[in-house]
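A.B. asks: Here it is, the structure in full.
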Amino acid sequence: SVHRREGQVHLRVNGKADASSGGDMATQVLLGQIPMLFGARAEKVLVIGYASGTTVGSAALHQPARIDAVELEPAMVEASRFFDDVNGRPLERPFVRIVVDDGRAFLANTPERYDVIISEPSNPWITGASSLFTREFFAAARRALAPGGRFCQWVQLYGIDAEGLRSIIAALRAEMPYVYGFLNSAEETDLILVAAET
C-alpha cells in the first residue's frame with residue numbers, strides 16, 4: 001500500500017514501511033550510486049527489488065547499456081509511480097527492463113553476467129526475504145557477476161542483532177573475499193555492503 005503523510009510518500013509491504021520519499025531517500029539513492037562508482041564503468045546492471053524505483057533511477061543516472069530490475073510483486077511497479085517526483089522516472093528510460101520474478105530464482109538461473117548486482121530486499125527477519133541473505137544467494141550472485149563485477153547488499157541494522165549481522169557478513173565473505181561497508185552517518189540504521197572477488 002502507498003500512503004501520503006505530511007508531504008511524504010511511504011510504501012508499505014504487508015504493513016511494514018520499505019520505502020519512502022523522506023527518511024529512506026539517502027539509502028535508496030546510495031544503493032544506486034555506490035556500486036556504480038566503486039569500480040569500472042558498469043554496462044549491465046541487475047537490481048533485485050524494485051519498490052519505489054528510486055535505486056533503479058539512481059543507478060540509471062550512470063547511463064548503463066541495460067538495467068534489469070527484478071520485482072516479485074507486479075503491483076509494486078504500479079505503486080512506484082507515486083514516487084515519480086523523486087525516483088527519476090526509471091520506467092521511462094529505454095534501457096530499464098522490469099522482470100516480474102522471484103529475485104533468488106532469477107539470479108540462480110540467468111545466463112547473463114552483470115557488472116553490478118544490487119540486492120535490496122526487505123529485512124532478513126521478514127518471511128521470504130531471509131533467503132536473500134544466505135551464502136547460497138551470495139554464491140548465485142558471484143556466478144552472475146562479470147569479471148571485475150561487484151555486488152551490493154542492503155542490510156537493515158534495526159531489528160537484527162550483532163550475531164545476525166555477523167552471519168550475513170560471514171556468508172558474503174565466504175563467496176567474495178572483499179567486502180566494504182558504508183554508512184551514511186554514525187546514527188545510520190542502513191548498512192550498504194559492496195563485495196567483489198578482486
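A.B. asks: Which condition does residue 57 not pass, out of (1) open to solvent by less than 20 Å² (accessible area, probe 1.4 Å); (2) in a helix (DSSP H, G or I); (3) touching a strand residue (DSSP E or B) at 6+ places or on another chain (Cβ under 8 Å), if it passes all the others?
C.D. replies: (3)
A.B. asks: Let me ask you something else. Among the residues of region 84-94, are any touching a Gly at 6+ places or on another chain (Cβ under 8 Å), in a helix (DSSP H, G or I) and open to solvent by 10 Å² or more (accessible area, probe 1.4 Å)?
C.D. replies: yes
A.B. asks: Here's another thing I want to ask about it. Using beta carbons and a limit of 7 Å, which pairs, at least six apart or on different chains, have the first residue in region 175-189 and farther than 15 Å from residue 30 by Cβ and in contact (Cβ under 8 Å) with a residue 12 or more places away in the chain and the second one open to solvent by less than 50 Å² (accessible area, probe 1.4 Å) and part of a strand (DSSP E or B)?
C.D. replies: Between residues of region 175-189 that are farther than 15 Å from residue 30 by Cβ and in contact (Cβ under 8 Å) with a residue 12 or more places away in the chain and residues that are open to solvent by less than 50 Å² (accessible area, probe 1.4 Å) and part of a strand (DSSP E or B), the close pairs are 176/151; 176/195; 176/196; 178/195; 178/196; 179/193; 179/195.
A.B. asks: Next question, about the same structure. Cβ-Cβ under 9 Å, sequence separation 6+ or interchain: first residue in region 19-35 and under 15 Å from residue 45 (Cβ atoms), partner outside any helix (DSSP H, G or I) and among the basic types (Lys, Arg). Which pairs?
C.D. replies: 35/150
A.B. asks: Open to solvent by 10 Å² or more (accessible area, probe 1.4 Å), within 17 Å of residue 69 (Cβ to Cβ) and over 17 Å from the mean Cα position of the chain (by Cα): which single residue out of 187, 120, 112 fits that description?
C.D. replies: Checking each option against the conditions leaves just 112.
A.B. asks: How about region 124-178: which of its residues are among the charged types (D, E, K, R), in contact with a strand residue (DSSP E or B) (Cβ under 8 Å, 6 or more places away or on another chain) and closer than 19 Å to residue 42 by Cβ?
C.D. replies: 142, 150
A.B. asks: Given (1) modelled with pLDDT of 95 or more; (2) charged (D, E, K, R); (3) exposed (fewer than 13 other Cβ atoms within 10 Å of the Cβ), identify the lone condition not met by residue 68.
C.D. replies: (3)
A.B. asks: Something else: Only one residue in 157, 145, 132 is under 22 Å from residue 59 (Cα atoms) and either surrounded by fewer than 16 Cβ atoms within 10 Å (Cβ to Cβ) or in contact with a Gly (Cβ under 8 Å, 6 or more places away or on another chain) (or both), so which one is that?
C.D. replies: Answer to the selection: 132.
The values are calculated or read from the model by the stated rules, or taken from the named source; none is laboratory data. On a predicted model such as this, the values are computed, not experimentally measured, just so you know. Note that we place each Cβ from the backbone using ideal geometry, even for glycine, and neighbour counts take in every protein chain shown. With ligands, DNA and RNA removed, areas are computed over all heavy atoms of the protein, side chains included. Shrake-Rupley method; radii C 1.70, N 1.55, O 1.52, S 1.80 Å.
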